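Structure record follows, encoded as structure tokens.
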Amino acid sequence: MSALLTDQFRIYSAKKFVKSLEGPNSQETDLVAGSNRDRLYLFIGRPQPWDNENNPPQAIDSFEEYSDLYDDMISLKRVLSNDTIQVVRRIDWTPPEKTTGGLGFIYDMYRHDYSPTKTAASGSTRLYDADFYVVNSTYQVYKCIYNGTSPADPNGKPSTIEPTGTSTSIISTADGYRWKFMYTIPVASVLKFFSSEYVPVLLDSSILSNAVSGEIDTVVITASGAGYNNGNYDNVSIVGDGTGGRLSIVVDGGKIVNATVTSGGTGYTFGKIIVESINGIGTGTGGSIDVIIPPQGGHGSDPKFELGAYRVMINAKLAYSEGSGDFPIDNDYRRIGLVLNPYKFNTQELSDELTLSSTKSVVFATTFQGNFTVDEIITQTRTVGGQSVTSRGRVISWNPITKVLKYYQNKIDGIFPEITGSLNTFDGSNVIIGSSSGASAEPDVNFPAVPGTSTRTINNTEYDLGMKFTSGYAFPEIQRNSGEVIYIDNRKSISRANDQIEDIKIVIEF
């Protein structure tokens, strides 16, 4: 028994993924995040170096890896539905002078029946692997309806004229190509979702309204045959489950040399031309004409379905120290990932914040003059139950103005299992020491006066600390190991700065 999970399932899954990030509206008051609506966050992490900085390790899909992610996670940013879009491979229309030999590139034509026994000009056995659409120099997308395929040129001819225009009808160019305009990518979408490898898929309402389901627009002569009566044969019927399909055939030298659709009809899901039944064509043999069936709904009615948009691009911009410092600007990171539906710290409630800090924090008195340095180990020795214990952490960020120190604890730095569990927690007023900076100070356990405060006033200026402090300490804003990690990407070091914006594009293939 042979089973197949189709490409349509992949496209459906991509659509559902984007849809799942949309918020409820007035007609959908029962749809809440975590049930019908999800909350997706992009996260950055891993400030500490790799063993080989030039060759980051391959991410591993394991429960151990997931736990490690949360240990050195730094920051998270919410991904909204308008930060996502379905995309397809970028296939540029290329001028002849930029192709091998300067002759032009042969694009695949749209066919409904590619298979291992009927391959595209490029050798593809699947439509979605074929190069059957292009984006031109002004960000307009066209589907190749016909590429000059004939018995003399079974793979088609080179394209030498760039398709242009936004007509709702088929666009013909002097090189023999026929194109279907699909949509224009607006500037905003070019900036956000257009990349060297992928282009966004959009819907043009004019093209949609003019699409005709089952309308035939292309036939292909696959064999010219021999012995037919010369002449023009008009009003030849397309036999199939649709109606009204007609074409004109030209026979010269006993061979079929031209076949043109004169009326596309409607409702065709299959069709054929019975050459021998054409009135007056004679008793020739071997002629064959394929009828190309359009996609369901007609060309341009559903570009995601027609072009094979089973990938989703996610775009996130990390701007400066956004989120009141949730994204530190004095360190680097080496990991990017996506997590669905993380909980707020120490709860089972979904977060609804746009940015989140995943670090632990401690605040010192405003009179403290020392400076901790990023990536150094910090320690705090205190007595617990009559036992002297030393907590260890690594600095992620230090703000010399607000005196807020952000740090993390993980097994990579030998923090575990030297001292485990709650004994490893930084707590109380005992001095915290920087191992390389020599900075040493007691946490300001009297800050804030009101527990859960996230602001601090220094020299009459109020600063938003981005985290809620109690007795000098702040916990991460997400619950460790909560949510579902759906994407991990280990990279080379990416440094942050106070005048920098990182434009991150992630493509997920379903």
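The values are calculated or read from the model by the stated rules, or taken from the named source; none is laboratory data. Computed from a predicted structure; not experimentally measured. Cβ sites come from the backbone with ideal geometry, for glycine too, and all protein chains shown count toward neighbours. Side chains included, ligands, DNA and RNA excluded: accessible areas come from the protein's heavy atoms. Shrake-Rupley method; radii C 1.70, N 1.55, O 1.52, S 1.80 Å.
Quick one: count up the residues across the range 282-297 that are over 13 Å from residue 240 (Cα atoms) and touching a Gly at 6+ places or on another chain (Cβ under 8 Å).
Total meeting the criteria: 8.
Quick check on the range 475-510: of everything there that is under 20 Å from the mean Cα position of the chain (by Cα) and of a type in the set (D, E, K, R), which residue is surrounded by the fewest Cβ atoms within 10 Å (Cβ to Cβ)?
If we take residues in the range 475-510 being under 20 Å from the mean Cα position of the chain (by Cα) and of a type in the set (D, E, K, R), then 509 is surrounded by the fewest Cβ atoms within 10 Å (Cβ to Cβ).
With 302, 290 as the choices, which residue is of a type in the set (D, E, K, R) and either open to solvent by 60 Å² or more (accessible area, probe 1.4 Å) or within 23 Å of residue 149 (Cα to Cα) (or both)?
290
Take residue 164 and decide whether it is hydroxyl-bearing (Ser, Thr, Tyr), over 18 Å from residue 298 (Cβ atoms), surrounded by 15 or more Cβ atoms within 10 Å (Cβ to Cβ) and touching a helix residue (DSSP H, G or I) at 6+ places or on another chain (Cβ under 9 Å).
So residue 164 does not fit the description; no.
Residue check, residue 389 against (1) at pLDDT 95 or above; (2) hydrophobic (A, V, I, L, M, F, W, C); (3) touching a helix residue (DSSP H, G or I) at 6+ places or on another chain (Cβ under 6 Å); (4) surrounded by fewer than 21 Cβ atoms within 10 Å (Cβ to Cβ), all met but one. Which one?
Going through the list (1) at pLDDT 95 or above; (2) hydrophobic (A, V, I, L, M, F, W, C); (3) touching a helix residue (DSSP H, G or I) at 6+ places or on another chain (Cβ under 6 Å); (4) surrounded by fewer than 21 Cβ atoms within 10 Å (Cβ to Cβ), residue 389 breaks only (1).
Are there any strands (runs of 3 or more DSSP E) wholly within the range 253-371 with 3 or more residues that are under 30 Å from residue 86 (Cα atoms), and if so which?
Counting at least 3 such residues, we get 311-319, 332-340, 355-357.
Show the residue pairs meeting these rules: Cβ distance below 7 Å; 6+ apart or different chains; first residue within the range 14-43 and farther than 15 Å from residue 79 by Cβ; second residue of a type in the set (Val, Ile, Thr) and modelled with pLDDT under 95.
Close Cβ pairs satisfying both conditions: 24/32.
Applying the selection to the range 127-178, what residues are outside any loop (DSSP other than H, G, I, E, B), closer than 26 Å to residue 195 by Cβ and among the small types (Gly, Ala, Ser)?
159
Just to check your reading of the model, which residue among 80, 76, 42 is surrounded by 11 or more Cβ atoms within 10 Å (Cβ to Cβ) and modelled with pLDDT under 95?
Answer to the check: 80.
Taking residue 394, is it in contact with a helix residue (DSSP H, G or I) (Cβ under 9 Å, 6 or more places away or on another chain), buried (at least 20 other Cβ atoms within 10 Å of the Cβ) and at pLDDT 90 or above?
yes
Just name the residue that is farthest from residue 340 (Cα to Cα) out of those in the range 475-510 that are touching a Lys or Arg at 6+ places or on another chain (Cβ under 9 Å) and in a loop (DSSP other than H, G, I, E, B).
Restricting to residues being touching a Lys or Arg at 6+ places or on another chain (Cβ under 9 Å) and in a loop (DSSP other than H, G, I, E, B), the top hit is 475.
One line per residue, one yes/no per condition, for (1) open to solvent by 30 Å² or more (accessible area, probe 1.4 Å); (2) polar (S, T, N, Q):
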residue: 248; (1), (2): no, yes
residue: 257; (1), (2): yes, no
residue: 312; (1), (2): no, no
residue: 320; (1), (2): yes, no
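Within the range 188-222, how many residues are open to solvent by 20 Å² or more (accessible area, probe 1.4 Å), under 17 Å from residue 143 (Cα atoms) and in a loop (DSSP other than H, G, I, E, B)?
Summing the residues that are open to solvent by 20 Å² or more (accessible area, probe 1.4 Å), under 17 Å from residue 143 (Cα atoms) and in a loop (DSSP other than H, G, I, E, B) in the range 188-222 gives 8.
Applying the selection to the range 444-474, what residues are part of a loop (DSSP other than H, G, I, E, B) and surrounded by fewer than 15 Cβ atoms within 10 Å (Cβ to Cβ)?
Once the filter is applied, which keeps residues that are part of a loop (DSSP other than H, G, I, E, B) and surrounded by fewer than 15 Cβ atoms within 10 Å (Cβ to Cβ), the range 444-474 yields 446, 449, 450, 451, 452, 459, 460.
Filter the range 223-239 for residues that are on the phi > 0 side of the Ramachandran plot, assigned to a strand (DSSP E or B) and open to solvent by 30 Å² or more (accessible area, probe 1.4 Å) and give the result.
235
Would you confirm, using the coordinates I've provided, whether residue 139 is more than 27 Å from residue 263 (Cα to Cα) and out of contact with any strand residue (DSSP E or B) (no Cβ under 6 Å at 6 or more places or on another chain)?
yes
Check off (1) among the hydrophobic types (A, V, I, L, M, F, W, C); (2) open to solvent by 60 Å² or more (accessible area, probe 1.4 Å); (3) within 15 Å of residue 182 (Cβ to Cβ) for residue 103 and give me the number that stays unchecked.
Only one criterion is unmet by residue 103, namely (3).
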